[in-house]
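A short write-up of the structure that comes next.
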Amino acid sequence: MFIFARKGVKFYQKVNINTEIKNSARPEFARIPLAALGDDEMYLKVGPNELISKYQLIAQSNKKGLYVYSPFDGEFISTELLRIPGIGKVPCGVVKTSESPQIERPFKEQLPEYDFDSLIEMVRKSAVIDEVDGVRLFKKLEDLKNREVQAVIAYGVDDQPFTAASTAVLLNFANEVAAGLNLVAHALGCEQKYLCIKKNYRNAKLFTDNLQGIQIVNVKGKYPSTPAVKGFCERVNGVMIGVQALRAIYQAAAYGLPQVSVVVTVWGEGIAEPGNIEVPFGTPIKTLLEQCQAFGTIERVIAGGIMTGKTAALDSPLYVSQTALTPLVKTREYKTVSCIGCGRCGSVCPVGLNPYYIMGAVKQEDFARVSQLGAASCIGCGCCSYICPSCQPVTEIMKYCRKKAYDYKKEIAYNA
Ligand code: SF4
Ligand code: SF4
């Protein structure tokens, strides 16, 4: 089956990345994020200088029973407030790591059959986070209580340049992703199961044998694919979950392990040894860059995909939604000039906005028009900035416009 991402931009990426997954080098110090996107306040379960082991519970929230587990053996030192790209300032547990002994985990040959409530509970306790949006998966599942869902869709699309983490996970752990998807589908009572992938349809043949009745959906066309996949999701009345989160569900069910790592593609102009690496949460970005032999003067590191990612500091700890890391070493000669009104930004926008008109309205402080022109539906994909011949920071301006459109709508609702 095919679905099409019609509007957006086309990338010409000639080099295909190796899809092997390596283990990350162990950093001397890790800074483990103690909260995910939208979490309540967390309370430490360990104290300074306490020895901790891998998978040990180190923080918990009182309200909703959120958990954080240690991805390392070592000594807990203290907490620090650090900026995590895409989340903001988050308290992090500083751990002096030590070598972890290899421990054989008991494997459940027969996976438990979860009903809806027991699946939510298992996913919550295993601290599974969906890499697609960085939100705890149990919250997404809880939202389905008020909705009749008929399909589960695994999101395995890598559609930004220098990203291959989902493909690598599928090629190496298709069985685990499929088993996770089947567990969710069974708990939700869904017959329809899909796996959305992009570009790598030929790769799909390598893992179709393992797919246990899951139908492949090939997303064709331009970046970004997310609106097309979301549209498909709505058509089949489904729920979309990232392939890494599905694998984490399988690992929790089969081995009783919480999610403590994410597969990250490290690639870009300043990398001699690009690759996919399984990274324990809290590993500093510089450890990965060293492992992948970064060279030259790194100007910026983008965490989370080059189109939508955020600039990250070298000491920033890696977290679950950062499935790509791209260091940039060259200073490109971008010269911003005035908007020439060419309309290209509107021609690529996947949600049909016209940033040129919206930016004009915001300049005139006509927020009613900004709202009318649909600025609130901008998904921040970055296509408009990418295509702009004048090098205008269109996406950044659109973020501001989106906020203004929301504020305007709120004010109207308040005064109504
Ligand atoms: S693409 Fe750039 S130059 Fe063209 S209308 Fe949009 S903002 Fe202006
Ligand atoms: S206006 Fe928003 S949704 Fe449209 S191309 Fe720009 S960033 Fe993407």
Largest first and rounded to whole Å, the semi-axes √(5λ) derived from the alpha carbon gyration tensor of segment 109-268 read 23, 18, 15
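So which trypsin sites (Lys or Arg not before Pro) in segment 253-333 end up in coil per DSSP with only 14 or fewer other C-beta atoms within 10 Å? Before the final figure, lay out each step's value.
Working: sites: Lys286, Arg300, Lys310, Lys330, Arg332; in loops: Lys330, Arg332.
Within segment 253-333, the qualifying trypsin sites (Lys or Arg not before Pro) (loop, at most 14 other Cβ atoms within 10 Å) are Lys330, Arg332.
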Here, GluC sites (Glu not before Pro) of segment 283-362 satisfying both criteria (DSSP loop; at most 12 other Cβ within 10 Å) are Glu333
For the pair Gln102 and Ala368, the simple spin-label estimate (label points 7 Å beyond Cα toward Cβ) gives in nm 7.1 nm
Any residue on another chain or 5+ positions along whose placed amide H is under 5 Å from the amide H of Ile216 is listed here as Leu195
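With helices defined as uninterrupted DSSP H runs, which ones in the chain have an alpha carbon span along their own long axis of at least 15 Å and mean Kyte-Doolittle hydropathy of at least 0.5?
Going by DSSP H runs, the hits are 165-188, 243-255.
Given DSSP loops and a limit of at most 11 other Cβ atoms within 10 Å, what is the longest stretch of the chain that contains no such chymotrypsin sites (Phe, Trp or Tyr not before Pro)? Before the final figure, lay out the partial values.
Details: sites that count: Tyr12, Phe107, Tyr334.
Free of exposed loop sites, the longest segment is 108-333.
Assuming 1.567 mPa s and 4 °C, estimate D for the chain with Stokes-Einstein, Rh taken as the Kirkwood radius over Cα pairs, in µm²/s. Working shown, then result.
Details: Rh = 22.6 Å.
Translational diffusion coefficient: 57 µm²/s.
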Using alpha carbon centers only, segment 236-302 is separated from segment 341-376 by a whole-angstrom value of 35 Å
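Which pairs break 22 Å Cα to Cα here: Lys140/Lys404; Lys45/Lys108; Lys140/Lys409; Lys63/Lys140; Lys363/Lys399; Lys7/Lys145?
Lys140/Lys404; Lys45/Lys108; Lys140/Lys409; Lys7/Lys145
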Note on segment 81-155: C-alpha Rg/Rh, Kirkwood Rh, two decimals, gives 1.06
Bridge orientation stat for the chain from DSSP, antiparallel percent rounded to 5, came to 65 percent
Given all pairs of distinct Cα atoms, segment 301-416 yields a Kirkwood Rh in Å of 15.7 Å
The extension gain from Tyr414 to Ile77, computed as 0.36 nm times the residue separation minus the Cα-Cα distance, is 116.5 nm
Pseudo-spin-label distance Phe116 to Lys220, built 7 Å along Cα→Cβ, given in nm, is 3.7 nm
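Quick note: the coordinates plus some simple rules give every number you see, no bench work behind them. Because the structure is predicted, anything quoted here is derived from the model rather than measured. Every residue, glycine among them, receives a Cβ derived from its backbone with ideal geometry; neighbour counts consider all protein chains shown.
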